[in-house]
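Encoded as structure tokens, the structure appears first; notes follow it.
The values are calculated or read from the model by the stated rules, or taken from the named source; none is laboratory data. Note that this is a predicted model, so its numbers are computed, not measured. Virtual Cβ from ideal backbone geometry, glycine too; neighbours counted across all protein chains shown.
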């Protein structure tokens, strides 16, 4: 079962460390089974409860997973090997269309916003004991949520979308719980889930978002939470329309105990309306990040949700960082208040490039998906070969492996750095690198 490697230790902490060292060194491979509790306890001469505690620690750290009678095994993608490492660096002379970054030319200058934040701090510096959410940002966030039909709820501020999602999952779920996630979906979220000791249950998506039947099956199978990207889904560009939202709300209505997390990171760069799912689940949140519209380095997201969830998030936050800097909050409030970004123009700029590339690929017989946002998803028969051939042709794209659980191979092209003159050359390079693929859903 373990080949030449022998797990060592007499305390739970030592046994766990032995397994973790072996995984890190490659002596234990992803998917490799670990000995049953009693068998390993006998080999080490310890109580089975000691081995159980070690396995529990490893599961909580995202190193192993436990599948009932099938025992414990090393995770197929341990938390120590993040998906972000599955990337192609663009060497000199190669255009980078895989990073997923917004176009810097479409981001607002920050000088005025930071100066306004500094002036506010000079008048009334934030001190210990102040509310964690600045009143102006809270007012603007509430108005924005209300305008999009999001149910009324308290507001919290976190250091980006992933920070918000982690906090929400942590205050509701326990290691071993299952989370229904989009497949393909956001690579960082797919890393976060095992790092929290949770299990990802893949849900197939099409251009309208998660498939209701797959969501229903995942929840019936025991998933305790569902994460949905409302618009600009990464990597496929899917956006939940009115009909799909109604279908998903119908599925969730039968399971009001399921935690619902909606990620609206595309707010400010998408011209499609939001169709929130909130309203059927007892515990829910909707998260909005500033990264795509105002700049990744602002590291700020606002979220609203049911009172219990937001109270738990704020309470736990107080025991860690305490709050997100009020200087950053005021800077974002200034950008929001002064309409520093022409959101319609930004959405149109991304939409023009994205739609042009999708159309060019489809004219060449290639499947291409990109209903919203800044990415185009292109199914390919040979992902590794396609990425390598595109690199030789002068284009670096993101390997689909960063975003997939069970869905087939593909590559993600970010349109942010592309100009109108780039569309046809990129489409030709993709055709040469991939051949044809059928258009449809991603499973």
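Just a few scattered comments:
- Scan of the range 102-118 for residues that are surrounded by 15 or more Cβ atoms within 10 Å (Cβ to Cβ) and either under 30 Å from residue 402 (Cα atoms) or in contact with a strand residue (DSSP E or B) (Cβ under 8 Å, 6 or more places away or on another chain) (or both), ordered by number: 102, 103, 106, 107, 108
- Residue 426, sole failed condition from (1) crowded, with 17+ Cβ neighbours inside 10 Å; (2) without any contact (Cβ under 8 Å) to a residue 40 or more places away in the chain: (2)
- Taken over the range 248-274, residues that are on the phi < 0 side of the Ramachandran plot and surrounded by 21 or more Cβ atoms within 10 Å (Cβ to Cβ) amount to 16.
- Only a single item in (1) buried (at least 24 other Cβ atoms within 10 Å of the Cβ); (2) under 17 Å from the mean Cα position of the chain (by Cα); (3) over 19 Å from residue 169 (Cα atoms) is not met by residue 331, and it is number (2).
- Residue within the range 367-380 that is more than 24 Å from the chain's Cα centre (by Cα), within 24 Å of residue 238 (Cβ to Cβ), modelled with pLDDT under 95 and surrounded by fewer than 23 Cβ atoms within 10 Å (Cβ to Cβ) present: no
- Failed criterion for residue 312 (all others in (1) surrounded by fewer than 24 Cβ atoms within 10 Å (Cβ to Cβ); (2) touching a helix residue (DSSP H, G or I) at 6+ places or on another chain (Cβ under 6 Å); (3) closer than 26 Å to residue 104 by Cβ hold): (3)
- Residues of the range 300-320 classified as over 24 Å from residue 249 (Cβ atoms), at pLDDT 95 or above and outside any helix (DSSP H, G or I), total: 1
- Filter result for the condition that a residue is more than 14 Å from the chain's Cα centre (by Cα) and farther than 27 Å from residue 323 by Cβ, over 206, 183: 206
- Helices (runs of 4 or more DSSP H) completely within the range 165-261 that count 3 or more residues being closer than 30 Å to residue 99 by Cα, out of contact with any strand residue (DSSP E or B) (no Cβ under 8 Å at 6 or more places or on another chain) and not assigned by TED's automatic domain parsing to the domain that holds residue 377: 187-195
- Only one entry of 61, 69, 75 meets the criterion of being modelled with pLDDT under 85 and touching a strand residue (DSSP E or B) at 6+ places or on another chain (Cβ under 6 Å), and that entry is 75.
- Taking the conditions (1) under 30 Å from residue 76 (Cβ atoms); (2) touching a strand residue (DSSP E or B) at 6+ places or on another chain (Cβ under 7 Å); (3) assigned to a helix (DSSP H, G or I) in turn, residue 433 satisfies each one other than (2).
- The set of residues in the range 157-179 being surrounded by 22 or more Cβ atoms within 10 Å (Cβ to Cβ) and free of Cβ contacts under 8 Å to residues at least 60 places away in the same chain consists of 179 alone.
- Looking across 17, 41, one residue alone is modelled with pLDDT of 90 or more, surrounded by 14 or more Cβ atoms within 10 Å (Cβ to Cβ), outside the structural domain of residue 176 (by TED's automatic domain parsing) and in a helix (DSSP H, G or I). It is 41.
- Options 341, 324; residue that is within 20 Å of residue 105 (Cβ to Cβ) and either in the same structural domain as residue 223 (by TED's automatic domain parsing) or not in a strand (DSSP E or B) (or both): 341
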